[in-house]
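The values are calculated or read from the model by the stated rules, or taken from the named source; none is laboratory data. The model shown is predicted, which means the values in this text are computed figures rather than measured ones. A quick note on method: Cβ atoms are made from the backbone with ideal geometry, for glycine too, and the neighbour counts reach across all protein chains shown. The area values use the complete protein model at the heavy-atom level, side chains included, leaving out ligands, DNA and RNA. Shrake-Rupley method; radii C 1.70, N 1.55, O 1.52, S 1.80 Å.
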Amino acid sequence: MDWGQRNRLSKIIRPKDGRTVMLAVDHGYFMGPTSGLEQLGAMVTPLLRYADTLMVTRGSLRHYIDPDVDIPIVLRVSGGTSIIGKELLHEGTVCSIEDAIRLNASGVAYSIMVGAEFERDTILGFTQYVDEAQRYGIPVVAVTAVGKEMVRDARYMSLASRMAAELGADVVKTYFVKGFENVVECCPVPVVIAGGKKLPEQEALQMAYDAIHAGAVGVDMGRNIFQSPNPVGMMKAIHAIVHKNATVKEAFAVFQS
Ligand code: R5P
């Protein structure tokens, strides 16, 4: 990894503690006006001071986020299917590396569908993008998307995460599962967890805590933050778990305060 790529990666995973709170608000690329993100700019702006990185689409960035803002961007660059279509997550490239650079992205995010019908297409699209991103020193976050028919267990997540890393990912985003230590141990690049569907706040905080203590470098969380009745409280609580080693009890007190 050359200097530029390492420098960009340091904007995503903070060198002071090797951890990251990524705020994920890229859901609109396949879900449209996701609950909580109807007015994306108004939702996101007060949350940014507690985030290390914003994961977003190019359209959201241009329409909702002030270019003067001080937040590193991980740009969603795969897509092509919708939540109502017949081929959910049969993704390909939806944003060129040149546009990612124009938007000053610190990294890009690309989904792969291991074990699903479209795994070959998504993996070849991903590896082609890795080649392009490498050319310009842009780190790639592999999103190990999980099809409805896939079993979310440590065996599957280990397979998908390790494949993503071996195929060129700089960071792997996956889901927290029982036995997550094995997923992290077998993955040679940093691992972050997605939040998934909205959970009661204490459960979401417990998941973040367990993931960090199993070796994840952070979270890439969306719905459990912006669909909470207190999104700023959730951001502060997640930040406390990731960067201040807070317990779940302490973090929940932060949320309530
Ligand atoms: C989905 O693939 C999107 O990339 C989201 O950014 C990701 O799922 C994280 O958001 P959430 O915590 O809502 O699952």
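A few comments on the model shown:
- Qualifying residue in segment 129-141 (condition: within 13 Å of the ligand (Cβ to nearest atom), at pLDDT below 95 and either of a type in the set (Asp, Glu) or touching a Lys or Arg at 6+ places or on another chain (Cβ under 7 Å) (or both)): no
- Restricting 176, 252 to those that are touching a Leu at 6+ places or on another chain (Cβ under 9 Å), open to solvent by 10 Å² or more (accessible area, probe 1.4 Å) and not acidic (Asp, Glu) reduces the list to 252.
- Picking from residues in segment 52-84 that are open to solvent by 20 Å² or more (accessible area, probe 1.4 Å) and among the hydroxyl-bearing types (Ser, Thr, Tyr), the one that is nearest to the ligand (Cβ to nearest atom) is 57.
- Condition met for residue 172 (modelled with pLDDT of 95 or more and closer than 30 Å to residue 133 by Cα): yes
- Residues located in segment 95-109, provided they are open to solvent by less than 60 Å² (accessible area, probe 1.4 Å) and either modelled with pLDDT under 95 or part of a loop (DSSP other than H, G, I, E, B) (or both): 95, 96, 103, 105, 106
- Members of segment 1-51 that are charged (D, E, K, R), within 16 Å of the ligand (Cβ to nearest atom) and open to solvent by 20 Å² or more (accessible area, probe 1.4 Å): 38
- For segment 189-215, taking the residues that are within 13 Å of the ligand (Cβ to nearest atom), among the hydrophobic types (A, V, I, L, M, F, W, C) and closer than 13 Å to residue 22 by Cβ, the one that is surrounded by the fewest Cβ atoms within 10 Å (Cβ to Cβ) is identified as 194.
- Scanning segment 88-129 for residues that are within 20 Å of residue 160 (Cα to Cα) and charged (D, E, K, R) turns up 91, 117, 119, 120, 121.
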